[in-house]
Amino acid sequence: MDLPRNTFKQALASGKTQYGLWLGLADTSVAEITASAGFDWLLIDHEHGPFELRDIMRHLQALAPYDVAPIVRPVEGNPALLKKLLDMGVQTFLVPMVDNADQAEALVQALRYPPAGRRGLGTSMARAARWNQVPGYVRQANEEICLIVQAETTSAMANLESILAVEGVDGVFIGPSDLSASMGHIGDVGHPDVVDAINKGLAAITAAGKYAGILCVDPALVAGYENQGASFIGVGVDTLLLSQGARQLARQFKGGGDGEDKPQAGY
C-alpha cells in the first residue's frame, strides 16, 4: 500500500491558483456535497467550527473518495493535538495566530519525525500509515506535510520576514478579519489600510518563494489578491452559503429584506 500523496502541496507547486471553501458545519453530508462542487480544496475549521477530533476524522473519510484536497485548521498549535491530527491522516495544516519565527519553528518540529522534528511514533494506531500497512511510512511522511502558518496580527506582519525564513514553513495565510481588528479596523476587512497591508504581505510571501493564501468572500477583492500573488484563496464559507441562500429564497417568495446580501466580516 502506497503512502497517500499530498495533492494540495502538489497543486500549489503547479503555480495555478487554488480556490477553496471553508467548512464550519460539522456534518459529513455537507462535506460530501461541497466535495463534489468543484473546489480545489476544503478546509475543516477546528478553530471556530464545532468539530471534535472524531468529527475531523469522519470528515477526512467522507472527503477521501473525492478529487478535492482536505486542509485542517486546528484550534491551536499544541504539539499533542497536532500529533493526533497527523496520525488521523492530516497532511496539510493551517495553524492560526503564529506571530513569530519561534512559534513557526516549533510547529515545524511538531509536524515532522526525527531527525527533522519531534513527532512521536505510533503507526500501528495511525490511519495515516494505514495501521502499519504503508511500507516505510515513517521515512516518507515528512515529505508530504504542508505547513501553512496564519499571520493575522500586526505583530505577525512585523515579523513576517523572519517567519518566512523558517525552513519547513511552506506558506503563510493572511487572516483578514483578525488582522483588521489588530489594526484598529475591526469588522472592516475592506478598509484601505487593511487591504494595503494584505497586499504588501502577499508580495513579501511570494518574494520569499513561499505560498501565499487568504480567505476573501468579497468577489470584488479576490482578483486583486490573486494578482498580488495569492496561491490559494478561500472564496466562501459553508455557513454563509446556506444562510445567504436561505434568505434570498425566502425574499423571493415573501419579499422584504434590504436587497442583496453583502459579505460580512467575522470569517
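The values are calculated or read from the model by the stated rules, or taken from the named source; none is laboratory data. The model shown is predicted, which means the values in this text are computed figures rather than measured ones. No Cβ is skipped: glycine too gets one built from the backbone with ideal geometry, and neighbour counts run over all protein chains shown.
Any residue at all in region 195-216 that is more than 20 Å from Glu161 (Cα to Cα), outside any loop (DSSP other than H, G, I, E, B) and touching a Pro at 6+ places or on another chain (Cβ under 8 Å)? The answer is yes; a qualifying residue exists. Within region 61-80, the set of residues being surrounded by fewer than 21 Cβ atoms within 10 Å (Cβ to Cβ) and either farther than 18 Å from Leu215 by Cβ or in contact with a helix residue (DSSP H, G or I) (Cβ under 6 Å, 6 or more places away or on another chain) (or both) comprises Gln61, Ala62, Ala64, Pro65, Tyr66, Asp67, Glu76, Asn78, Pro79, Ala80.
I'm trying to understand the selection: among the residues of region 1-36, which are within 23 Å of Tyr211 (Cβ to Cβ), assigned to a loop (DSSP other than H, G, I, E, B) and either of a type in the set (A, V, I, L, M) or touching a Cys at 6+ places or on another chain (Cβ under 6 Å) (or both)? Those that are within 23 Å of Tyr211 (Cβ to Cβ), assigned to a loop (DSSP other than H, G, I, E, B) and either of a type in the set (A, V, I, L, M) or touching a Cys at 6+ places or on another chain (Cβ under 6 Å) (or both): Leu3, Asn6. Filtering region 171-190 to residues that are crowded, with 23+ Cβ neighbours inside 10 Å, of a type outside the set (A, V, I, L, M) and in a loop (DSSP other than H, G, I, E, B) leaves only Gly175. Annotation note: Cβ proximity below 8 Å between a residue of region 27-38 that is over 9 Å from Val68 (Cα atoms) and a residue that is at pLDDT 95 or above and among the small types (Gly, Ala, Ser) (sequence gap 6+ or interchain) occurs for Thr28/Ala62; Ala31/Ala62; Glu32/Ala62. Could you tell me whether any residue of region 108-124 is at pLDDT 95 or above, buried (at least 19 other Cβ atoms within 10 Å of the Cβ) and part of a helix (DSSP H, G or I)? Within region 108-124, one or more residues are at pLDDT 95 or above, buried (at least 19 other Cβ atoms within 10 Å of the Cβ) and part of a helix (DSSP H, G or I). Exactly one residue out of Val222, Val189, Val149 is within 17 Å of Asn100 (Cβ to Cβ) and among the β-branched types (Val, Ile, Thr), and it is Val149. Looking across Asp258, Asp193, one residue alone is modelled with pLDDT under 95, out of contact with any strand residue (DSSP E or B) (no Cβ under 8 Å at 6 or more places or on another chain) and either farther than 25 Å from Trp41 by Cα or aromatic (Phe, Trp, Tyr) (or both). It is Asp258. Tell me, please, whether a residue that is in a loop (DSSP other than H, G, I, E, B), closer than 17 Å to Trp22 by Cα, over 13 Å from the mean Cα position of the chain (by Cα) and of a type in the set (A, V, I, L, M, F, W, C) can be found in region 65-82. Yes: one or more hits.
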